[in-house]
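Visitor: Sharing a structure, written as structure tokens. Questions coming.
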Amino acid sequence: MKILIIGSEGFIGSHCVSYFLEKGATVTGVDLTATARAVGYKYIPHTTGAGYNALFAQEQFDVCINASGNGSVPVSISDPVFDFTANCSEPIALLEAIRINNPHCKLIHLSSAAVYGTPATLPVKENSALQPLSPYGWHKLLSEQLCREYVQLYGLPVAVVRPFSVYGPGLRKQLLWDIFQRTKQTDAIELWGTGNESRDFIFINDLVRAFESIFKQAPMIGEVYNLGTGIEISIRKMAGLFCNMLDKNITVLFNGKARPGDPANWCADISKLKELGFEHLTSIEEGLRETAKWIKRQ
């Protein structure tokens, strides 16, 4: 099997590369930089627009996972045009290149749970109201519509995924990384919010396995899948567990302020994903333990 990973050096993309190489696939990665990999891996410098067209004209792929784009809500708020280019213009260029050159290539497009905003009820289903709180969320929603366009008008085999809160070794941003960085300076750290905000955290290994379940089992007709565990955990509890894993006596405080673009509570309904035979294998405790092992080496 030949798999193309767009954004192969990012957190999610790099784990995809490692996983599918171990599975015996021939993997090609596209990103700004390259990391030495095992036999079976080929790196292509970051390409856009006509570059995608040339890439697919030269080589045919069975699967493409689009893990590229801007992943920062604050950046999208400060520079919405940049976010639009990364999360809308890039995906349509990729879709068009596949349409012209490799129309049988299965595309998994990464959207985001940010399209839901703050849901009225939990767990949130794929057909729940979509009410983004940031340019990032709006642009991810638009990218989903672009995928539907290419499915309905051109018959491309596409599935859209909405990851919830992904974590694990290699993630140098967001909650756990922020906690680690702050514990270097003090034993009393302050985080955004009240601590009662909640998320559905999915370990990176489980996320990549979900991709595999989708391109092997899903009909690939533009359907959308929540990628989470179906387990809601408060930020206060997650932070406390992680501080314990770091073997540090840390006091975690919250400033009571909501960060712009952040939802209050998230928990995914993953019934559709389970219908494909997927089950998450990593508990919060196991995932945090693996993350803490990695982060202590940084």
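Visitor: From Glu190, Glu223, Glu232, grab the single residue that is touching a strand residue (DSSP E or B) at 6+ places or on another chain (Cβ under 8 Å), more than 30 Å from Ser143 (Cβ to Cβ) and of a type in the set (Asp, Glu).
Guide: Result of the check over Glu190, Glu223, Glu232: Glu190.
Visitor: How many of the residues in the stretch 139-175 are crowded, with 22+ Cβ neighbours inside 10 Å and more than 16 Å from the chain's Cα centre (by Cα)?
Guide: Looking only at that region, the number is 4.
Visitor: Are there any pairs, at least 6 apart or on different chains, whose C-beta atoms fall under 7 Å, with the first in the stretch 138-159 and within 22 Å of Ala210 (Cα to Cα) and among the β-branched types (Val, Ile, Thr) and the second in a helix (DSSP H, G or I) and at pLDDT 95 or above, and if so, which?
Guide: Pairs that qualify, where the first residue is within 22 Å of Ala210 (Cα to Cα) and among the β-branched types (Val, Ile, Thr) and the partner is in a helix (DSSP H, G or I) and at pLDDT 95 or above, are Val158/Cys147; Val158/Tyr150; Val158/Val151.
Visitor: Residues to consider are Glu286, Glu279, Glu232; find the one that is over 19 Å from the mean Cα position of the chain (by Cα) and among the acidic types (Asp, Glu).
Guide: Exactly one residue qualifies, and that residue is Glu286.
Visitor: Could you go through the stretch 99-108 and let me know if any residue there is outside any helix (DSSP H, G or I), touching a residue at least 40 places away in the same chain (Cβ under 8 Å) and either touching a His at 6+ places or on another chain (Cβ under 8 Å) or closer than 22 Å to Gly168 by Cα (or both).
Guide: Yes, because at least one residue in the stretch 99-108 is outside any helix (DSSP H, G or I), touching a residue at least 40 places away in the same chain (Cβ under 8 Å) and either touching a His at 6+ places or on another chain (Cβ under 8 Å) or closer than 22 Å to Gly168 by Cα (or both).
Visitor: Among residues belonging to the stretch 25-44 that are of a type outside the set (S, T, N, Q) and either touching an Asp or Glu at 6+ places or on another chain (Cβ under 8 Å) or modelled with pLDDT of 95 or more (or both), point out the one that is surrounded by the fewest Cβ atoms within 10 Å (Cβ to Cβ).
Guide: Leu32
Visitor: Which of the residues spanning the stretch 1-14 are in contact (Cβ under 8 Å) with a residue 60 or more places away in the chain, within 17 Å of the chain's Cα centre (by Cα) and buried (at least 22 other Cβ atoms within 10 Å of the Cβ)?
Guide: Scanning the stretch 1-14 gives Leu4, Ile5, Ile6, Gly7, Ile12.
Visitor: How many residues are within 19 Å of Ile233 (Cβ to Cβ) and either loosely packed, with under 14 Cβ neighbours inside 10 Å or in contact with a helix residue (DSSP H, G or I) (Cβ under 7 Å, 6 or more places away or on another chain) (or both) if we restrict to the stretch 176-197?
Guide: 9
Visitor: Before we move on, is Ala114 closer than 26 Å to Phe215 by Cβ and hydrophobic (A, V, I, L, M, F, W, C)?
Guide: In short, yes.
Visitor: Among the residues of the stretch 263-273, are any of a type in the set (A, V, I, L, M) and at pLDDT below 95? Working first, answer last.
Guide: Within the stretch 263-273, the subset of a type in the set (A, V, I, L, M) is 264, 268, 270, 273.
Next cut, at pLDDT below 95 only: 264.
Checking the stretch 263-273: at least one residue is of a type in the set (A, V, I, L, M) and at pLDDT below 95.
Visitor: Of everything in the stretch 67-97 that's of a type in the set (Ser, Thr, Tyr) and within 22 Å of Val166 (Cα to Cα), which residue is surrounded by the fewest Cβ atoms within 10 Å (Cβ to Cβ)?
Guide: Checked the stretch 67-97; the qualifying residue surrounded by the fewest Cβ atoms within 10 Å (Cβ to Cβ) is Ser72.
The values are calculated or read from the model by the stated rules, or taken from the named source; none is laboratory data. Values in this document were obtained by computation on a predicted structure and should not be read as measured data. Here Cβ is always computed from backbone atoms with ideal geometry, including for glycine, and neighbour counts include all displayed protein chains.
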